[in-house]
1. Amide H to amide H under 5 Å from residue 178: which residues, 5+ apart in sequence or cross-chain, H placed 1.01 Å off N in plane?
2. In whole angstrom, how far apart do the alpha carbon centroids of the range 222-301 and the range 56-97 sit?
3. Within the set of other residues whose C-beta is less than 12 Å from the C-beta of residue 56, count the net charge using Lys and Arg as +1 and Asp and Glu as -1.
4. Restricting the calculation to Cα positions, tell me the Rg (one decimal) and the Dmax (whole number) of the range 6-134 in Å.
5. Compute the Kirkwood hydrodynamic radius of the range 252-340, taking the inverse of the mean of 1/r over all pairs of distinct Cα atoms, and give it in Å to one decimal.
6. Using only the alpha carbons of the range 193-310, determine the length spanned along each of the three principal axes and report them from longest to shortest in whole angstroms.
7. To the nearest whole percent, what portion of all C-alpha pairs in the range 276-324 is separated by more than 18 angstrom?
8. I'd like to know how the range 161-243 sits against the 2.2 N^0.38 Å rule of thumb: what's its Cα Rg over that expected value?
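A short reminder: the numbers here are calculations on the coordinates, not readings from a lab. The shown structure was predicted, so the numbers you read here are calculated from the model rather than taken from an experiment. Here Cβ is always computed from backbone atoms with ideal geometry, including for glycine, and neighbour counts include all displayed protein chains.
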Amino acid sequence: MAKWKPEPTGDDTAKYSLSAEFEPAHSGDVKAVLAVDDDLLVSASRDSSVAVWKLGKERFDLVALLEGHGAYVNSLAYVPPIAEDDNRYIASGGNSGVILVHNLTTLQTTSRACLIGHALNVCALSYSSKQQKLISGSWDMTARVWSREKTQCGEGEGQGYGEWKTDVVLEGHEQAVWDVAVVEGSTERQYLTSDRLVNLWDEGGQLLQRFKGSPEPVRSLAILPSNDIFVTACNDGLIRLWDFTGSVLQVLRGHTDYTYRVIVGTDSQLISCGEDHTARVWHEGEEKDILPHPCQTVWCVASLPNGDIATGGSDGVVRAWSRASTRIASEDIQKSYRERLPVIPDRSVSRAPSLTAAPEAAAPVTMTIDIDLRYLRHITNLNLMRC
């Protein structure tokens, strides 16, 4: 059976070190972080704000706090220009149930557009530049696919292209939709969503297949550049690599608690993070690096084009990590960081299920829902979901 192998890198032995701890901007957990490019990062927080960070001479400086949610902000997606004279945008979603689109070119604090459709927390966003589609996932047990028209609207500095509309609603999930992804390489447009299963949909919203690998919620999805393998992170602490027949190709073990996020890094390595204080880097199916954090939870991770990593934690801090000696933090900063690290017990995930997995029929199953993002609180009334 074929296994995933990342693209070769310049130095596969280099370890990541702390590069920077961004000046405090958030008073709550950092739930999402996104790298637009090497010089521009965006973070979202439970304090209801979206922060934009730009690289200055020596550090990332806070250049804007984007407003409008009035509630926890849990998800981000970058929306690039669709024409030469268009602007760059950032889409954000949260507990208000709406998706706000802010202008990254002008950095106006008020939103450029408000996408209304979800009834509960929008916990996942993903944008496909190739297909020019935004897909969102929500605790209302639906995912939505959005597009914008290529007609110019607005005048002056804030002008942009198109009004957003819902193309299709993906219905039939059994639990909250934790993550979403667009399958880029298929001849026909397809979408992946995750609740306790991984769901594959066609572009018209027809459920094609369900993949089951764990009895616990699937918190994160990522698709490898080859577009024939996808990756999941689950509450059981395991990272799984799948093909689109539903076969599990590899299971990566290392995290000792809930795993909240997995992404494909710039060099095609995998990067994950979770409740065990850590982010982890994986190479050819092996754990290559562990990035311990001085906080209980590492909610999110992003990969910069230059190979650096950005993370966001429950302490409200955005951190950057690098393998380049020229971008490592000063010894004083490193010492302060080390002194704040918790003692992390050496545990293993004892509740991991069998590695065998198979596609599951689309018949509904009644299950309780793991609602809280960090604690085991099983309830069945979706209207009670608040983070």
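1. 194, 195
2. 25
3. With Lys, Arg at +1 and Asp, Glu at -1, the neighbours total -1.
4. That works out to 15.7, 47 Å for Rg and Dmax.
5. 13.3
6. Between the extreme Cα coordinates on each principal axis of the range 193-310 lie 43, 30, 24 Å.
7. Of the Cα pairs, 28 percent sit more than 18 Å apart.
8. So the Cα radius of gyration is 1.11 times the expected 2.2 N^0.38 Å.
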